[in-house]
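The structure appears right after this line, and notes come after that.
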Amino acid sequence: MLKSIPRVGSCRICQRTLKICSKRSKSSVAAPLVQQVEDVKRPKDIKLEDIRNIGISAHIDSGKTTVTERLLYYTGRIDSIHEVKGKDGVGAKMDSMELERQRGITIKSAATYFTWGKHAVNVIDTPGHVDFTIEVERSLRVLDGAILVLCGVAGVQSQTMTVNRQMKRYNVPAVAFINKLDRMNANPERVSAMLQQRLLHNTGFITYPIGIEKKLSGVVNVLDDYAIYFDGENGELLRFEEIPKDLREKTKDLKSQLVESLTNVDDEIAEIYLNEKTPTDHQIREAIRRCCVKRTFTPILCGSALKNIGVQPLLDSACEFLPNPSEVENYAYDNSKKEAQEEKVQPVRIKMNPERTKDNDMVALAFKLEANRFGQLTYFRLYQGSLTKGDMFVNTRSGKRIRVNNLARMHSNEMEQVDQVFAGDIFTIPGLDCVSGDTFVSSAQMVDVSMENIFVPKPVVSMSITVKNQKQVDNFSKAINRFQKEDPTFVCHRDAESGETIASGMGELHLDIYAQRMEREYGCPVTLGQPMVKFRETIQERVPFDYLHKKQSGGHGQYGRIQGYYEPLAGDSFLEVEFVDQVKGAAISKNFMKGIERGFRDACEEGSFTGSKITGIRMVLVDGMEHPVDSGEKAFYNCSFLCMKQFYDISDRQVIEPIMTVEVSCPYEFSSQVQGSIVVRGGDISNVEGSSDTSYIEAEVPLSNMFGYISELRSLTEGKGDFTMEYKCYRPVGADTEERLIQEWDEAGRVYKKKFHTD
């Protein structure tokens, strides 16, 4: 039997020092919000190759925050473990909002950092609910790697697929952790198969559970052929023993499968395999790292964070296999190389140099904003150079020079001050006025540089929002302005026709959370009205146009003629509006093109069919005519605006609506009733999986039919059912819905909100 190791000792998983515990405070007094850090290494003391910037991402309720809580405990950043729901009145460290602790979900991403052996690790815990997907987007934008947490029972779920697409968008490699293997019907091999089939990952087990469900007791290290048990009150004592007899053959098979998976994506292992040789453990590890960094292989680890099993090997693998900042290609755009008049010419990409030296000009990206008692708190990722307290830097968007008076790193909601940060670091600056996505540089020679921006999904649900007490209107305005600045997927505007304030977001929960925050943080209770679905209008075929706008009744008149065609956009472009200038020669002055495009886009703001926005349409301008005196930008604006209104009315129009991917989990005995409820709501069931205990039903349902579904589902399943949904695409509405929308538009008097210029 191998000897148990203490909380600070040598780990045989990767032959490195496990710093499981640093200084333990004997005081029960809570730490201050701002403190100077003395017990963790300074950024300047860390080598670039030893830095890891990691995100924790998964479907809702897969255990992300529970995993992060264990990571913080085993690395000595917290003194005790608290659970997500906050039943003890404390709650998980990374869920600092009271709403998060009450609901047991993560609402906003939270950053922290710790040291593990020689590595310095920045970690961002992200929400799992699709309504808060912007938090995942901007976190993955600045991270170098991720831990993809999967439920050992449910496996790959709807938000898992969304997170996978986000990782692919930002080229972020991942290590997978199959969690909750202590639960009934847990099956790691089924989850691995789902990773391969649904997400097209090339996978292999690094650790495998010893026992399953209630019998889960430890994990097998597949690479090094030994068992790991997690003793102590919180699994902090690692005990290494021989692999149980009933798992020895299984471990050999898993290692063979691991090598076979690597041969498909790594030339070195493939050559060894073809020569009928056996690769060494060191060669396998090197291959895993190479392929993981290139996103051609995903290592899988197993355990149960709640039962304190398998988390330390996960952290070892994340440090060993995920890339450091120097292995990730990050680019900025040099906008000075872009021709001023040709907006569609792509600017030159500049590769960032992450070497931790003062010789490089500083380049940083502001990727997240939040408000606290210090004012606006801005989160940054430093891509090049270094930044010291007292330095000056420039916002390349506004051109404003700013002095850095404070630098800090975040530990959840605690701000820990530092004097200097280097390339590869994630840090914050309080009291800085900027917007999410701004690029900051230290040199005047780089003011035209901008980092690649963050993808922002479009809101899909709108609700009216009104203040209960008119005396709180000022606080309401402050709250709206702050939340819109922090979250670009939360949008508010005043409807010109109804006079109501309309809030748009990613879902009902998204808007409900902000309504509760207005009351809690600003003392401003609000009422949310019936949700409004963003229906859209579009055309189904090409419509040629030839339109003359002529107003010559004395004095300076208006004259403009345009010719071309409107056509529907194909594929996933239902939400786009495009303008294409194909005019040859000097038939229309280029100075008037902006007016023509603006008139077309403004006309698309409201369709004549149901009053919804017109999308999925392209205007192609091929010819026209202008007058030497009466033509101008206003004249061509009006010409384009009226042309669109006239020719759209005679086109073959249709109404489209958002379709959601819905995933329902419920006890098996209620599966038939649940499927029936989805069909009644106009849903198309695409997949049904599960076991004798739980069913998982996937369907595509119109968003307009999903409001209030949670109440029906709970009623059908005796309170045991749950569902998640995310936006998938826009599709044509049914005949009944289209007829209802047309009738409502007729009853409203078909009053256009947008008027064209008459002067």
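Just a few scattered comments:
- Region 80-170: C-alpha gyration tensor shape, a/c 1.5 cut-off, then a/b vs b/c: oblate
- Between the helical axis of 311-321 and the longest alpha-carbon principal axis of the chain there is an angle of about 70 degrees.
- Overall size of the chain from C-alpha positions, given as principal axis extents largest first: 102, 68, 66 Å.
- Computed 3J(HN,Hα) for region 189-206, one whole-Hz value per residue from the Karplus formula 6.51 cos²θ - 1.76 cosθ + 1.60 where θ = phi - 60°, is 6, 5, 5, 4, 5, 5, 4, 6, 7, 7, 9, 6, 8, 8, 10, x, 7, 9, glycine and proline marked x.
- 3J(HN,Hα) from dihedral phi, region 419-432, Karplus parametrisation 6.51/-1.76/1.60, rounded to Hz, x for glycine, proline: 9, 8, 10, 10, 3, x, 8, 10, 8, 10, 10, x, x, 9
- Across region 515-525, computed HN-Hα scalar couplings (Karplus, 6.51 cos²θ - 1.76 cosθ + 1.60, θ = phi - 60°) run 4, 5, 5, 4, 6, 6, 8, 10, x, 10, x Hz from first to last residue, x flagging Gly and Pro.
- Globularity ratio of region 583-653, using Cα Rg and 2.2 N^0.38 Å: 1.15
- Interchain or long-range residues, amide H under 5 Å from residue 306's placed H: 180
- Across all Cα pairs in region 364-404, the calculated P(r) in 10 Å bins from zero up to the longest distance comes to 24, 58, 19 percent per bin.
- Global form of region 657-739, assessed from the alpha-carbon gyration tensor, a/c cut-off 1.5: prolate
- Helix 64-74 vs. the chain, principal-axis angle (Cα, 0 to 90°, nearest 10): 40 degrees
- D (Stokes-Einstein, µm²/s), Kirkwood Cα radius, region 461-524, 0.890 mPa s at 25 °C: 207 µm²/s
- Helix-only mean residue ellipticity at 222 nm for the chain, each DSSP H run of n ≥ 4 adding -39500 (n - 2.57), per residue, nearest 500: -7500 deg cm²/dmol
- A Stokes-Einstein calculation at 20 °C with viscosity 1.002 mPa s, built on the Kirkwood radius of region 537-651 over Cα pairs, returns a diffusion coefficient of 151 µm²/s.
- Database remark: amide H of residue 733 closer than 5 angstrom to the amide H of 655, 656, 657 (H placed geometrically; neighbours at sequence offset of 5 or more, or on other chains; Pro and chain starts carry no H).
- On Cα atoms only, tilt of 473-486 relative to the major axis of the chain in degrees: 70 degrees
- Taking amide H as placed 1.01 Å from N in the peptide plane, the amide H of residue 411 sits under 5 Å from that of 416, each at least 5 places away or on another chain.
- Extension gain, residue 249 to residue 541, is 98.9 nm, computed as 0.36 nm per intervening residue step minus the present C-alpha separation.
- Look at the Cα gyration tensor of region 331-451: its axes a ≥ b ≥ c give a/c of at least 1.5 with a/b over b/c, and that counts as prolate.
- Ranked by the mean number of other Cβ atoms within 10 Å of their residues, highest first, the peptides 60-69, 527-536 fall in the order 60-69, 527-536.
No lab work stands behind these numbers, since they all come straight from the coordinates. Treat the numbers as computed from the prediction; the structure is a model and nothing was measured. Heads up, the Cβs are rebuilt from the backbone with ideal geometry, glycines too, and the neighbour counts pull from every protein chain shown.
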